[in-house]
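Enquirer: Quick one: structure below, then a few questions.
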Amino acid sequence: MIKKFKLPSGIQDHLPLDCYSRRVVENKLLDCFKYYGYSEIQTPVLERYELFDSGVGRVELNKLFKVTDVDGDLLVLRPDITMPISRIVCTKLSEGSKRLCYLGKSFSALENEGKLREFTQAGVEIMGTQGNDVDIEIVMLAIKSLIAVGLEDFQIELGHVGFFKGLLNAFNVGEEDREVLINSIESKNGIKLYTLSHDMDKLLPDTLAKLPMLFGGEEVLDSAQKMCLNDEMKNAVSNLKAVYDGIKKLGYDKYVCFDMSSVGKMKYYSGMVMRGINKNLGRPILSGGRYDGLCDSFGKHVPAVGFAIGIGYLVTALDNQDKLQKMPEIEVVVGYAPEFMDKAEKYVDKLRAKGANTICSFATDKATLKKSKKAIGAKRAVYLSKDGEEEI
């Protein structure tokens, strides 16, 4: 095949039927966000490289699509939207609590395990405030967002970065070993002990091996409480208990479970982390958490929490459950004699006003209209001429 007809790897087209279904999902999510008081914000697709090359928001160089500007500056296609929103909040918005939502594309230069390199995300951020009530709201909104689009049989997994970090601190684990352990725990591939320092406490591997077992319902928090070795771990469990109690009071506890081995793939997470999972899909539909230190890169301390929903994964999950809204069929296709074009347009508008999905065909003779009806799959075809309205 000639290369000009091939897409780059990890990139895909979206045809009309797919676009319709995706847009319905996107609009429902934005409507849900705005219903709960979140204001939409947009950030540019292109950002300066420096935005993702410093502080806790640093992204590995090989994950970035890089572009050279005409003046030689290095630009990147944004790998996520949270960092640009943090930039805007710190430099262009007034101080105080902000509820923001967004819909847009992000990019990853890496193509791992079939993941797309161009993907659409919808999400929310609460910036400028913190506390258990704020974390409760963000979990509640995650649940209500997935309900709003019609998804069934999903769970929001909650974890806490502080629990794992507290454990590492209790055993005085060095920075180099932390990276190995965090990547191993989060990838669920087991702990690569052979790469760790030899002077590590011998009790650590046994303790780490218990983490994947801390998965399930409310009882997990009781087990985690018994493992606490310092205040950092205790505070993490306390935060999750408070969030769960709040969600339970709101009546959404059936959607919540816990995974104390979850530490979040983004390094900027500082507290509670969350993932939306569906048993028929091998990847999280939703991910997020608390990131109180991200804005420090801009010289301001702005506590924040939020989540992002992968539109592609959500659409697939809905399709698997036969909950995806399909493009409506064309009910009537209208053709007309050449001198009746204006009347045909008025006739089509009249049918549309009554709720009928109608299109005005370019067919100016009955034979062409019949072919158009068959090609479109319309239920009816009407031809307008001096003889009036005629069903074809």
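The values are calculated or read from the model by the stated rules, or taken from the named source; none is laboratory data. Just so it is clear, the structure is predicted and the values come from calculations on it, not from any experiment. All Cβ positions, even for glycine, are placed from backbone atoms using ideal geometry, and neighbour counts span all protein chains on display. These area figures cover heavy atoms from the full protein model, side chains too; ligands, DNA and RNA do not enter into them. Shrake-Rupley method; radii C 1.70, N 1.55, O 1.52, S 1.80 Å.
Enquirer: Pick out the one residue from 144, 165 that is in a helix (DSSP H, G or I), basic (Lys, Arg) and within 23 Å of residue 97 (Cβ to Cβ).
Expert: None of the other options fit; the residue is 144.
Enquirer: If you check 41, 11, which single one turns out to be in contact with a Phe, Trp or Tyr (Cβ under 7 Å, 6 or more places away or on another chain), in contact (Cβ under 8 Å) with a residue 60 or more places away in the chain and hydrophobic (A, V, I, L, M, F, W, C)?
Expert: 41
Enquirer: Among the residues that make up the stretch 250-265, is at least one of them open to solvent by 50 Å² or more (accessible area, probe 1.4 Å), among the polar types (S, T, N, Q) and under 21 Å from residue 207 (Cβ atoms)?
Expert: no
Enquirer: Quickly run through the stretch 360-392 and pick out the residues that are closer than 14 Å to residue 344 by Cβ, in a loop (DSSP other than H, G, I, E, B) and touching a residue at least 40 places away in the same chain (Cβ under 8 Å).
Expert: Listed by number, the residues that qualify are 386, 392.
Enquirer: Further question: Within the stretch 18-42, how many residues are within 13 Å of residue 82 (Cα to Cα) and buried (at least 17 other Cβ atoms within 10 Å of the Cβ)?
Expert: 1
Enquirer: Does residue 319 meet the test of being under 30 Å from residue 54 (Cα atoms), surrounded by fewer than 21 Cβ atoms within 10 Å (Cβ to Cβ), of a type outside the set (S, T, N, Q) and within 25 Å of the chain's Cα centre (by Cα)?
Expert: no
Enquirer: Return a yes/no flag: does the stretch 114-123 have any residue that is over 23 Å from residue 276 (Cα atoms) and in contact with a Lys or Arg (Cβ under 9 Å, 6 or more places away or on another chain).
Expert: no
Enquirer: Another question, then. On the basis of being within 23 Å of the chain's Cα centre (by Cα) and at pLDDT below 95, does residue 132 make the cut?
Expert: Considered against the rule, which asks whether it is within 23 Å of the chain's Cα centre (by Cα) and at pLDDT below 95, residue 132 comes out as no.
Enquirer: Take residue 351 and decide whether it is modelled with pLDDT of 95 or more, under 44 Å from the mean Cα position of the chain (by Cα) and hydrophobic (A, V, I, L, M, F, W, C).
Expert: Against the criterion (modelled with pLDDT of 95 or more, under 44 Å from the mean Cα position of the chain (by Cα) and hydrophobic (A, V, I, L, M, F, W, C)), residue 351 qualifies.
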